[in-house]
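Here's the structure we're looking at; comments come further down.
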Amino acid sequence: MSGENGRLAGKIAIVTGAGGGFGEGIARLFAAEGAKVGVLDLRGDAAERVAAEIGPNALALAADVTSRAQMEAAVRKVVDTFGTPNVFVNNAGWTHRNKPMLDVTEEEFDRVYAINVKSIYHISNIIVPLMRGIGGGSIVNIGSVAGIRPRPGLTWYNSTKGAVNILSQSMAVELAPDKIRVNAICPVMGETGLLEAFMGVPDTPENRARFIATIPMGRMSRPDDIARATLYLASDDAEFITGVLLPVDGGRTI
């Protein structure tokens, strides 16, 4: 199904980090399944490109997820254009380069925590009251298998995803009486712009092969893998599912 008969027909969604990678895949699938979508990205030109390619049911939003003021303005723009969002996907993320934990600078540490964790604090303060006002909603946080089964060299990044994973579960329990479901998708390393930073070595076929060897199904995750799982958790098909950490990892966490 698609469009007005799609699984998200009548839904209004915002997807952060939607100017590329996983977020772009999620925004495109959501729109194809009938949602009106706020395409939010730090890079305004990337948000504009994705929104233009999706069409009239998408709205480009240039905003920094670490800024409460910018996120409030972006959400207000969606409310004024489409209505109150009942789906929010916290996808925007960052990593320090794969390297020994003591080589990560304080600036790098602060940035990865601001983007991966504090952003959800800001966004929750904005979106939860709105969802309460319309009788519920669905929040999907993009966590990571790094927060379940961490690799060395990404210690501080791993810890941010551990935080995302556990806060998703804690939010789920606290917000359940408001009929706000909160779940987390936990991707394995994916074919995105952050791949080389995750590996910590040049992106060559040989280096990819070393990491792929740790994934039983023999490949990295792709945007459509993450998008389809997010679609399920955002949709009414998952109306009784909350607090789930869903690995989309080809068996990596087994």
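So which residues in region 192-218 are within 16 Å of residue 247 (Cβ to Cβ), of a type outside the set (A, V, I, L, M, F, W, C) and surrounded by 13 or more Cβ atoms within 10 Å (Cβ to Cβ), if there are any at all?
Within region 192-218, 214 is the sole residue that qualifies.
Being over 22 Å from the mean Cα position of the chain (by Cα) and either closer than 30 Å to residue 12 by Cα or charged (D, E, K, R) (or both) is the filter here, so list the residues in region 196-226 that pass it.
203, 206, 208, 210
Test of understanding: among 143, 135, 153, which residue is within 28 Å of residue 218 (Cβ to Cβ) and free of Cβ contacts under 8 Å to residues at least 60 places away in the same chain?
After applying the criteria, what remains is 153.
Just to be sure before I move on: is residue 118 under 24 Å from residue 162 (Cβ atoms), at pLDDT 95 or above and basic (Lys, Arg) in the structure I sent?
yes
Please work out if residue 47 is under 16 Å from the mean Cα position of the chain (by Cα), at pLDDT 95 or above and under 26 Å from residue 156 (Cβ atoms).
no
Could you check region 197-219 and list, in sequence order, the residues that are over 22 Å from residue 112 (Cα atoms) and in a loop (DSSP other than H, G, I, E, B)?
204, 213, 214, 215, 216, 217, 218, 219
Return yes when residue 13 is touching a helix residue (DSSP H, G or I) at 6+ places or on another chain (Cβ under 6 Å), within 22 Å of residue 233 (Cα to Cα), surrounded by 24 or more Cβ atoms within 10 Å (Cβ to Cβ) and in contact (Cβ under 8 Å) with a residue 60 or more places away in the chain and no when it is not.
When the stated conditions are applied, residue 13 passes them.
So is residue 99 surrounded by 17 or more Cβ atoms within 10 Å (Cβ to Cβ), of a type in the set (Lys, Arg) and either over 14 Å from the mean Cα position of the chain (by Cα) or at pLDDT below 95 (or both) or not?
No: the conditions fail for residue 99.
Mind checking which residues of region 61-96 are without any contact (Cβ under 8 Å) to a residue 60 or more places away in the chain, farther than 19 Å from residue 48 by Cα and within 15 Å of the chain's Cα centre (by Cα)?
Result: 66, single match.
Output yes when any residue across region 113-131 is of a type in the set (Val, Ile, Thr), loosely packed, with under 15 Cβ neighbours inside 10 Å and under 20 Å from residue 38 (Cβ atoms), and no when none is.
No: region 113-131 contains no residue that is of a type in the set (Val, Ile, Thr), loosely packed, with under 15 Cβ neighbours inside 10 Å and under 20 Å from residue 38 (Cβ atoms).
Looking at 61, 102, 29, which is the one that is in a strand (DSSP E or B), of a type outside the set (S, T, N, Q) and closer than 29 Å to residue 197 by Cα?
Sole residue among the options that is in a strand (DSSP E or B), of a type outside the set (S, T, N, Q) and closer than 29 Å to residue 197 by Cα: 61.
If only one of 64, 45 is out of contact with any strand residue (DSSP E or B) (no Cβ under 9 Å at 6 or more places or on another chain), surrounded by fewer than 24 Cβ atoms within 10 Å (Cβ to Cβ) and either closer than 13 Å to residue 88 by Cα or not hydroxyl-bearing (Ser, Thr, Tyr) (or both), which one is it?
Within the list 64, 45, the selection yields 64.
Does residue 218 fit the bill of being closer than 13 Å to residue 98 by Cα and not aliphatic (A, V, I, L, M)? Before you say what the answer is, go through the steps one by one.
Working: closer than 13 Å to residue 98 by Cα: no; not aliphatic (A, V, I, L, M): yes.
It is false that residue 218 is closer than 13 Å to residue 98 by Cα and not aliphatic (A, V, I, L, M).
Given the condition surrounded by 17 or more Cβ atoms within 10 Å (Cβ to Cβ), among the polar types (S, T, N, Q) and within 13 Å of the chain's Cα centre (by Cα), answer yes or no: does some residue in region 227-246 qualify?
Within region 227-246, one or more residues are surrounded by 17 or more Cβ atoms within 10 Å (Cβ to Cβ), among the polar types (S, T, N, Q) and within 13 Å of the chain's Cα centre (by Cα).
Within the bounds of region 26-40, is there any residue that is closer than 19 Å to residue 164 by Cα and surrounded by fewer than 17 Cβ atoms within 10 Å (Cβ to Cβ)?
no
The values are calculated or read from the model by the stated rules, or taken from the named source; none is laboratory data. Treat the numbers as computed from the prediction; the structure is a model and nothing was measured. With ideal geometry, Cβ positions are generated from the backbone for all residues, glycine too; neighbour counts draw on all protein chains shown.
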